[in-house]
Amino acid sequence: MPVLNITGGPVSGTIRAHGAKNSILPILAATLLNRDVSVITNCPDLADVRSSLKILRHLGCKAEYADGTVTVDSSGVTRADIPEALMREMRSSVIFLGAVLARTGRADMSRPGGCELGTRPIDLHLAALKSMGAELSENGSDISCRASRLTGTEIILSFPSVGATENIMIAACAADGVTTVKNAAREPEIEDLQAYLRAMGADVTGGGTSTVCINGCMDKLRGAEHRVMPDRIETATYLCAAAMAGGRVTVEDAVPEHNSAVLSALSEAGCEISARRGAISLKRYKPLRPVRPVRTMPYPGFPTDAQSPLMSVCTRAGGVTVFTENIFESRFRHVGELARMGADIRIEGRVAVVFGVNKLYGARVKCEDLRGGAALVVAALGTEGVTTISHLTHIDRGYANLTENLTALGVNITRTP
Ligand code: UD1
């Protein structure tokens, strides 16, 4: 099993954020809407991207990856089913539901099922497609969707689900008339999907606000070129890494306003942050301070994906920081591993109370999920000694070139095969 060996110590240097994993997946699903060639640039080489390409190929597309560019020729779609093995490779494969239905009038797939973050229901996705006229039948974990035509309607989400908003936006491109999504997710990735849909010729407005309107015009859609927005969670992770290690780091190709909540927490923690268009720099030479209570919320609130990396930083702060996880039910699985490194954290339901300690120690720890794994890397940079991190498949889902990037920042890190 491959492991990372990381020695703690200060960092210094400049790295560049990759394209956002969470943007690429819905955009790749949306390539099914046209019968043409789409070119998606700024794509990192990540396991989830490769899984999405496998799904596209299974459906009959030609999909290639080379040097950060994905080319999808979706003229030859022949199938409407996604086998369970492919669904299981990537929980977010549910994003293909709306796209396959829009393209073929049917979709057969299994429920993505629970994951390390909890049960992760898809009721909002299914209810929305139903209200647009899709017929759904379920047999155990298998879902069949049929819709000879979808009809635009008003959909009010009971929670601003990112995936449900994206699925509706994609399916609504094939609907007759206007679909309005109220209480839509406002995450920047929604705006990025909107940008790609518009480049294809779709009539979509309001992406990034709580009301998104889609006027279906499937016949007009054509292939398009799109550059994926920078990954705000990857950026936040490297900024947390620098905050923990001390020193300075600049992340280029970052969008400061996408990370406002994280930047404000890091500056409370004692970091000096300067943001200019396209780059964020962070310096930390003073001791870390605790942060006011951190509550994860839909965007523009504090992102759940940055909760665990920031928690690692707070383990070394001179005081107590309280974290409340409001988005996913099971998102403190990194806490037990941080405790092995000497962190003092108590959990009560959705609340984690972090009592800062003077020192963390190198230990053998394992990634329990993607962002929890990133939190261990962040913690390792603030330890005395060497930390060995195993179960890297989780981290590999979201962080391309992690070893190279940290090496560029002066970190003593090796990955054993
Ligand atoms: C996306 C991101 C993930 C991020 C999350 C919240 C991708 C590929 N993943 O996940 O990294 O952490 O947004 O910012 O973009 N829910 C329901 N019913 C549904 C759908 C969601 O109850 O039908 C619940 C979920 O269980 C969860 C909450 O809503 O508790 C948020 O989920 P959602 O916003 O849909 O997250 P994802 O799109 O799965």
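Each reported figure results from applying straightforward, stated rules to the coordinates on display, with no laboratory input. These numbers come from a predicted model, not from an experiment. Every residue, glycine as well, gets a Cβ built from its backbone with ideal geometry; the counts of neighbours run over all protein chains shown.
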Phi to ³J(HN,Hα) by Karplus 6.51 cos²θ - 1.76 cosθ + 1.60 over region 346-363, Hz, x for Gly, Pro: 10, 10, 9, x, 8, 10, 10, 10, 9, 9, x, 10, 6, 9, 10, 10, x, 8
Relative contact order (percent, whole number), region 65-222, Cα cutoff 8 Å, 6+ residue spacing: 18
More than 22 Å apart - percent of Cα-Cα pairs taken over region 154-228: 14
Gaussian network model of the chain, Cα within-10 Å springs - most flexible of ASN259, ASN139, ASN22: ASN139
Whole-Hz couplings from phi, Karplus 6.51/-1.76/1.60, listed for region 215-222; x for Gly and Pro: 9, x, 7, 3, 5, 7, 6, 9
Derived scalar couplings ³J(HN,Hα) [region 379-385; Karplus, 6.51 cos²θ - 1.76 cosθ + 1.60; whole Hz; x for Gly, Pro]: 4, 4, 6, x, 9, 9, x
Shape metrics for region 107-223, restricted to C-alpha atoms - Rg then Dmax, Å: 14.0, 40
Alpha-carbon spread of region 25-74, three principal axes, descending order, Å: 24, 18, 17
Residue of ARG57, ARG371, ARG292 that the Gaussian network model of the chain assigns the largest fluctuation, springs spanning Cα pairs under 10 Å: ARG292
Hydrodynamic radius (Kirkwood) for the chain, which is based on Cα pairs only, to one decimal in Å: 21.8
Ascending count of other beta-carbon atoms within 10 Å, so fewest first, for SER74, SER131: SER131, SER74
Residue among ALA352, THR7, MET297 farthest towards the positive dipole end of the chain, charges placed on Cβ: THR7
For GLY246, distant residues with modelled amide H under 5 Å away: VAL11
Sequence-distant residues sharing a close amide H with GLY8 (under 5 Å, placed H): THR383, GLY385, THR387
Charged-residue dipole, Cβ positions (Lys, Arg, Asp, Glu), the chain about Cα centre, Debye nearest 20: 720
P(r), alpha carbons of region 73-132 - 5 Å bins starting at zero, rounded %: 4, 17, 27, 25, 16, 8, 3, 0
Cα lying deepest toward the dipole's positive end in the chain, options LEU193, GLY206, ILE233, charges on Cβ: ILE233
Residue pairs, from the table LYS21/LYS62; LYS54/LYS182; LYS130/LYS182; LYS21/LYS283; LYS286/LYS359, whose Cα atoms sit over 23 Å apart: LYS54/LYS182; LYS21/LYS283
Cα-based radius of gyration of region 260-299 once divided by 2.2 N^0.38 Å, which approximates compact folds: 1.25
Residues whose placed amide H lies under 5 Å from that of VAL320, excluding near-sequence neighbours: GLY356
Nearest-ten-degree value, helix 188-199 long axis tilted from longest Cα axis of the chain: 40
Potential lengthening between THR393 and ARG79 on full extension [0.36 nm per residue; Cα-Cα distance subtracted]: 110.1 nm
Region 226-303 - convex hull of alpha carbons, volume per residue in Å³: 80
Convex hull volume of region 328-395 per residue (C-alpha atoms, cubic angstrom): 70
Rg to Rh, two decimals, where region 1-99 supplies the alpha carbon set and Rh follows Kirkwood: 1.08
Proxy reagent accessibility, fewest Cβ within 10 Å first, across VAL94, VAL354: VAL94, VAL354
Rg/Rh for region 228-272, where both radii come from Cα atoms and Rh is the Kirkwood radius: 0.94
Fewest-first ranking of THR315, THR416, using other Cβ atoms within 10 Å as the exposure measure: THR416, THR315
